[in-house]
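A short write-up of the structure that comes next.
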Amino acid sequence: MIPVNEPLLKGNELKYVSECVNTAWISSAGKFITEFEEKWASYCGMKHGISVCNGTVALELAVEILDLPKGSEIILPSFTIISCAQAITKAGCVPVVVDCESDTWCMDVKQVENLISENTKAIMPVHIYGHPVNMDPILELAQKHGLFVIEDAAEVHGAEYKKRKCGGLGNISCFSFFANKIITTGEGGMILTSNDAWAEKLKYYRNLCFKKEPRFVHDEIGHNYRFTNIQAALGLAQLERIEKIVERKRTMALKYNTGLAELPLQIPVERSWAKNVYWMYGIVINESCGLSGKRLGALLVDKGIGTRPFFWGIHEQPVFRKAGLFKDVSLPVTERIARRGLYLPSGQAITDEQIEYVVKQVRLALE
C-alpha cells in the first residue's frame, strides 16, 4: 500500500531526540522547546511562539485568549476540519460560515462582508491543502470593522501570500504538527502572535495557570496543553531543512499536474500572489465522468493506493445541525467538492516511481 502520507525523518531528528533521552530532558521543558518556538515564530514573521500539544487546542486557546462575549460570531469557511468550528463553540461563540472558492478551495472572501453583524468579533481564515487564503480583503475588513483575525495555518507550513509567510498575517495564528503535516512532531501544535500580553497569557493558560509563587495556588482555571522537548527536537530538525522539504512538495505536485493533465478532474491551482506548498495533493472529479470521490478512492485502494476524502462542510456536520446551527444554509461549492474530492498520496517519503503508478491508476479509472 502506498500510504496517503508518510513522513521523512532524514535530518537531525534522531540526533536531537537522542540528546533528549541521554540528558533526561524529555518532558515540557528543555532547550529544544525554546529554540523551536523562537525559530518557528521568526520563520513565519511573528514575535512569539507558544507550543501546545496539538493544533486543535491551539485553535481553542487562540479563541479563548480573545476573551469574547458569549454569543459573539466568528466567520470562517465551511470547508475545513471540525476543529475550527469546535474551538468557536467551546468558547461559547457562534460559527458563521462562508462557501469556498471553486479553484483554490479556500474561503470565498467576497462573501464575508455581507455576514458581518454587530455580533461579529473575528474572522478565521483557513489556508487549505497548502494554498493561502486571499488575505488582503480579510485584513481590510478586519481593520474596517474592528475584528480580530485568527489565522489557521495548519496546512501551509512554508507557504507564502504576496511574499509573506502564512501564519504571520493575522493577529494570532495556529499550526498543527500532526504526523501528516509538512513539519511533524507526531502530535503537537503552536500559536504565534506578536502581542506580548497574549503570549504571556497563552503560556499561563497552557500550563494549568501555575504561578511562580506560590506554585500550587491558582487564580484561574487553565489547561494542560504542554508540548515536550522530544517533540520540539523532531520539529527543530525538520525546520532546519524546510526549504528543501517545500521544494520537494512542489516538485511532487508538478509531477502530478503533468501526469493528470486532460483528465475529467480538477487539480490544484496556484494564484499569482501565492506560493502553494501542496500539503495534500487534492483532486475533484468532474460530474461528467460518473464517479464520486468515494468510488474513485475505493478503486485506488484496490490497487494499493491510499487516499482520503475531502473535508465535509461544517454546515453539514450532524453535531452542529442537532445543536440548531446552520439551518437552511446551503453552500454549493463546499457541498460539491466534499462529495467529489479526494487527495492522493502526498507524503515526503513517496518516490517518483510511486507517483507515476498513482497517476497510471487514476488515468485507468477515469479514461
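The values are calculated or read from the model by the stated rules, or taken from the named source; none is laboratory data. This one's a predicted model, so the numbers in the text were calculated from it and none came from an experiment. Here Cβ is always computed from backbone atoms with ideal geometry, including for glycine, and neighbour counts include all displayed protein chains. Heavy atoms of the whole protein, side chains included, go into the accessibility calculation; ligands, DNA and RNA do not. Shrake-Rupley method; radii C 1.70, N 1.55, O 1.52, S 1.80 Å.
Checking Ile230 against (1) over 27 Å from Gln348 (Cβ atoms); (2) part of a helix (DSSP H, G or I); (3) aliphatic (A, V, I, L, M); (4) open to solvent by 40 Å² or more (accessible area, probe 1.4 Å), only one condition comes out false. Which one? Against the list (1) over 27 Å from Gln348 (Cβ atoms); (2) part of a helix (DSSP H, G or I); (3) aliphatic (A, V, I, L, M); (4) open to solvent by 40 Å² or more (accessible area, probe 1.4 Å), Ile230 comes up short only on (1). Filter region 246-279 down to the residues that are assigned to a strand (DSSP E or B) and either at pLDDT below 95 or open to solvent by less than 30 Å² (accessible area, probe 1.4 Å) (or both), then identify the one that is nearest to Val4 (Cα to Cα). Among them, the one singled out is Leu265. Every condition in (1) more than 18 Å from Ala58 (Cα to Cα); (2) of a type outside the set (A, V, I, L, M); (3) more than 19 Å from the chain's Cα centre (by Cα) holds for Thr104 except the one numbered (3). From the set of residues in region 9-61 that are among the polar types (S, T, N, Q) and assigned to a helix (DSSP H, G or I), which is surrounded by the most Cβ atoms within 10 Å (Cβ to Cβ)? Only one residue fits best here, namely Thr56. Candidates in region 339-367 are the residues that are open to solvent by 10 Å² or more (accessible area, probe 1.4 Å) and of a type in the set (A, V, I, L, M, F, W, C); of these, the one that is farthest from Asp103 (Cα to Cα) is Ala349. When each of Ser102, Ser42 is tested for being among the small types (Gly, Ala, Ser), without any contact (Cβ under 8 Å) to a residue 12 or more places away in the chain and out of contact with any strand residue (DSSP E or B) (no Cβ under 6 Å at 6 or more places or on another chain), the lone residue that passes is Ser42.
Could you check region 302-315 and list, in sequence order, the residues that are out of contact with any Cys (no Cβ under 8 Å at 6 or more places or on another chain) and either touching a residue at least 40 places away in the same chain (Cβ under 8 Å) or open to solvent by less than 40 Å² (accessible area, probe 1.4 Å) (or both)?
Applying the first criterion (out of contact with any Cys (no Cβ under 8 Å at 6 or more places or on another chain)) to region 302-315 yields 302-313, 315.
Lys303, Gly304, Ile305, Gly306, Thr307, Arg308, Phe310, Phe311, Gly313, His315, listed by residue number.
Name the single residue, out of those in region 316-338 being among the β-branched types (Val, Ile, Thr) and under 15 Å from Ile283 (Cα atoms), that is most open to solvent (accessible area, probe 1.4 Å). Show your work before the answer.
The first filter runs over region 316-338 and keeps only residues among the β-branched types (Val, Ile, Thr), leaving 319, 329, 333-334, 337.
Next cut, under 15 Å from Ile283 (Cα atoms) only: 333-334, 337.
Details: Val333: 31, Thr334: 0, Ile337: 0 Å².
The extreme case among them is Val333.
Looking across region 66-94 at every residue that is within 14 Å of Asp152 (Cβ to Cβ) and aliphatic (A, V, I, L, M), the one that is nearest to the chain's Cα centre (by Cα) is identified as Ile81.
Going through region 74-112 one residue at a time, which ones are outside any loop (DSSP other than H, G, I, E, B), open to solvent by less than 10 Å² (accessible area, probe 1.4 Å) and within 24 Å of Ser272 (Cα to Cα)? Don't jump to the end; show me each part of the working.
Keep residues of region 74-112 that are outside any loop (DSSP other than H, G, I, E, B), which gives 74-77, 82-90, 94-98, 100, 107, 109-111.
Subsequent filtering for residues that are open to solvent by less than 10 Å² (accessible area, probe 1.4 Å) retains 74-77, 84-85, 87-88, 95, 98, 100, 107.
Listed by number, the residues that qualify are Leu76, Pro77, Val98, Cys100, Met107.
Looking across region 280-291, just one residue is open to solvent by 10 Å² or more (accessible area, probe 1.4 Å), part of a loop (DSSP other than H, G, I, E, B) and either in contact with a helix residue (DSSP H, G or I) (Cβ under 6 Å, 6 or more places away or on another chain) or at pLDDT 95 or above (or both), and that is Asn286. Comparison of Phe320, Phe326 shows that the only residue that is assigned to a helix (DSSP H, G or I) and either touching a Ser or Thr at 6+ places or on another chain (Cβ under 9 Å) or modelled with pLDDT of 95 or more (or both) is Phe320.
Based on what the data block shows, is Tyr204 assigned to a helix (DSSP H, G or I), farther than 22 Å from Phe32 by Cα, open to solvent by less than 80 Å² (accessible area, probe 1.4 Å) and not β-branched (Val, Ile, Thr)? Give the steps one after another, and end with the answer.
Details: assigned to a helix (DSSP H, G or I): yes; farther than 22 Å from Phe32 by Cα: no; open to solvent by less than 80 Å² (accessible area, probe 1.4 Å): yes; not β-branched (Val, Ile, Thr): yes.
Criteria not met by Tyr204.
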